[in-house]
Amino acid sequence: MTSELTYRRHEHQPTSNIYSPKPSKPWSITIRPIRYILHEQRLIFTLIGIVLATFFFILIPSSTTNKPMSRPTQLLNPRPVFNTNRYNSGGKIPLGLKRKGLRVLVTGGAGFVGSHLVDRLIERGDSVIVVDNFFTGNKENVMHHFGNAGFELIRHDVVEPLLLEVDQIYHLACPASPVHYKFNPVKTIKTNVVGTLNMLGLAKRVGARFLLTSTSEVYGDPLQHPQVETYWGNVNPIGVRSCYDEGKRTAETLTMDYHRGAGVEVRIARIFNTYGPRMCIDDGRVVSNFVAQALRKEPMTVYGDGKQTRSFQYVSDLVVGLMRLMEGEYVGPFNLGNPGEFTMLELAQVVQETIDPNAKIEFRPNTEDDPHKRKPDITKAKDLLGWEPKVELRKGLPMMVSDFRQRIFGDHKDNDAAISSSF
Ligand code: NAD
Ligand code: UDP
Ligand code: UDP
């Protein structure tokens with residue numbers, strides 16, 4: 001049986017063996033070589049097409065996203081601008097992987113200042129990793145971010161090495177209250193020295209920008225008033241506060257040596273006394289002590305004659321300053337503090353006005369090596385970072401009082417509302 005297919009093929013067989021090309025049309029002369037190439041060199045053309053497309057997708061986006069900004073724009077823009085950053089360099093992400101936002105490590109992020117900083121970073125869309133050993137910090141300070149894919153919390157002590165991939169490191173891990181840092185002084189200096197070394201090693205390995213939260217304590221009991229960044233300080237190297245003061249001074253030294261020696265991009269903030277919601281209630285610092293004591297109807301404990309001075313900064317001002325410093329182009333050090341200066345007796349008076357006019361004062365012996373005066377000169381931060389604090393003590397204290405009131409007397413839900421409304 002002859003198949004239909006065989007039959008049809010025969011139908012189209014040429015009737016003659018003589019080769020007779022179709023009559024050529026004028027346009028076919030020009031396209032014939034192209035058709036030949038397209039037929040015969042198909043593979044090569046496909047490869048060239050892939051190469052061209054790859055160049056297009058890699059080069060065009062990177063040339064448009066990495067344009068340098070002018071300095072004023074950098075200072076105002078909340079997004080970082082750096083070229084050395086491998087996550088920011090554009091087009092280097094392997095095919096199939098999505099480009100991620102900025103990854104920020106906050107050491108000590110479960111503490112008072114750190115948790116407010118984390119709130120702001122998450123709010124602007126960064127992915128945040130908090131590393132904390134919970135010595136003075138608390139999970140409750142960051143638990144409102146649990147369940148957010150952009151947030152991770154790692155229990156880790158910075159004295160031990162740590163491997164992570166991040167773009168920026170805010171290094172805050174260290175107890176800040178004198179009562180806490182004197183509790184285990186050797187651990188405090190290890191945290192400041194070995195902990196800072198590890199975080200700088202990490203910054204060097206991954207090319208991250210590193211910000212150290214240093215302190216006004218590097219000025220010790222200052223002989224210059226107010227304190228300017230160029231003042232080298234008056235610190236007792238063998239006193240009870242030196243685990244913190246000298247620890248932070250060494251941390252500054254390490255930071256600058258990694259900058260000069262290893263090319264790590266660094267920033268140094270010298271923070272002056274800061275207060276606000278989420279401070280540890282019984283951390284022994286003067287603002288938290290006075291507020292908690294006045295709320296509990298206990299006498300406010302004034303150490304010494306109460307004539308020593310401090311300058312108190314509200315936490316939201318500090319967080320803005322830290323972020324401005326991180327995104328800016330200057331290494332520092334920068335004083336970040338509120339220049340409003342108060343004696344401890346004046347502070348007690350403000351607490352009386354805010355909480356209870358009948359709150360009593362009780363004098364206690366002062367602690368060893370207590371600095372007599374403290375007031376930041378913030379000219380440098382104003383000029384170069386365009387930063388200055390906005391919240392004066394009489395405005396900031398009531399926001400902290402409402403947080404303390406709710407934590408001491410209960411009702412945690414209102415507490416969260418009070419904290420977020422304070423920003
Ligand atoms: P905080 O005690 O509330 O926070 C410090 C955080 O670091 C805590 O969560 C603590 O558990 C964590 N931590 C401590 N040691 C650690 C370690 N070895 N490994 C991992 N985590 C560790 O203090 P804070 O007031 O939020 O201060 C934050 C930073 O700012 C500190 O570096 C402090 O020196 C600096 N600072 C604060 C003030 C201030 O008035 N608050 C003033 C000057 C400098
Ligand atoms: N380090 C770390 N994480 C890193 C890289 C380094 O914890 O991703 C630590 C490392 O363990 C070392 C410190 O940082 O103790 C300093 O590292 P660096 O590479 O600067 O010095 P080296 O290891 O050569 O002494
Ligand atoms: N202070 C005080 N009563 C207190 C706690 C502290 O008078 O209950 C004083 C303390 O002697 C110091 C000042 O307040 O002169 C600030 O102390 P704090 O511990 O808050 O911070 P730092 O000494 O680190 O500036």
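The values are calculated or read from the model by the stated rules, or taken from the named source; none is laboratory data. Values in this document were obtained by computation on a predicted structure and should not be read as measured data. Reconstructed Cβ throughout: ideal geometry from the backbone, glycine too, with neighbour counts over all protein chains shown. We work out accessible area using only protein heavy atoms, side chains counted, and drop any ligands, DNA or RNA first. Shrake-Rupley method; radii C 1.70, N 1.55, O 1.52, S 1.80 Å.
Rounded to the nearest 5, what % of the DSSP beta bridges within the stretch 99-421 are antiparallel ones?
If we restrict to bridges inside the stretch 99-421, about 10 percent are antiparallel.
Mind checking the log10 I(q)/I(0) for the stretch 99-421 at q = 0.10, 0.15, 0.16 Å⁻¹? Debye, one equal scatterer per Cα, no solvent, two decimals.
Each listed q maps to, in turn, -0.54, -1.29, -1.49.
Kindly sort F183, F334 by accessible area of their heavy atoms, largest first, with the probe set to 1.4 Å.
Solvent-accessible surface, decreasing: F183, F334.
Could you order I355, I44, I169 so the one with the most accessible surface comes first? Probe is 1.4 Å.
Result of the area sort, largest leading: I44, I355, I169.
Using a probe of 1.4 angstrom, how much of the accessible area of the stretch 113-212 is carbon and sulfur, in percent?
Its accessible area is 56 percent carbon and sulfur atoms.
Taking the stretch 231-377 on its own, what percent of its Cα-Cα pair distances exceed 28 Å?
Cα-Cα pairs in the stretch 231-377 separated by more than 28 Å: 28 percent.
Between E346 and T367, what's the calculated FRET efficiency when r is the beta-carbon distance and R0 is 25 Å? Round to 0.05.
The calculated FRET efficiency here is 0.80.
Below 8 Å, C-alpha to C-alpha, sequence gap of six or more: please give me the relative contact order for the stretch 99-421 in percent.
16 percent
On average, how much accessible surface per residue is there in the stretch 99-421, in Å², for a 1.4 Å probe, leaving out ligands, DNA and RNA?
Per-residue value: 41 Å².
Determine the order of C174, C280 by accessible area, beginning with the largest, at a probe radius of 1.4 Å.
C280, C174
Please calculate the 1.4 Å probe accessible area of E346, with all protein chains present, and give it to the nearest 10 Å².
80 Å²
Post the alpha-carbon centroid distance, the stretch 286-318 to the stretch 133-159, in whole angstrom.
A separation of 27 Å, based on Cα centres.
Note down the relative contact order for the stretch 181-333 as a percent, whole number, built from C-alpha pairs under 8 angstrom at least six residues apart.
26 percent.
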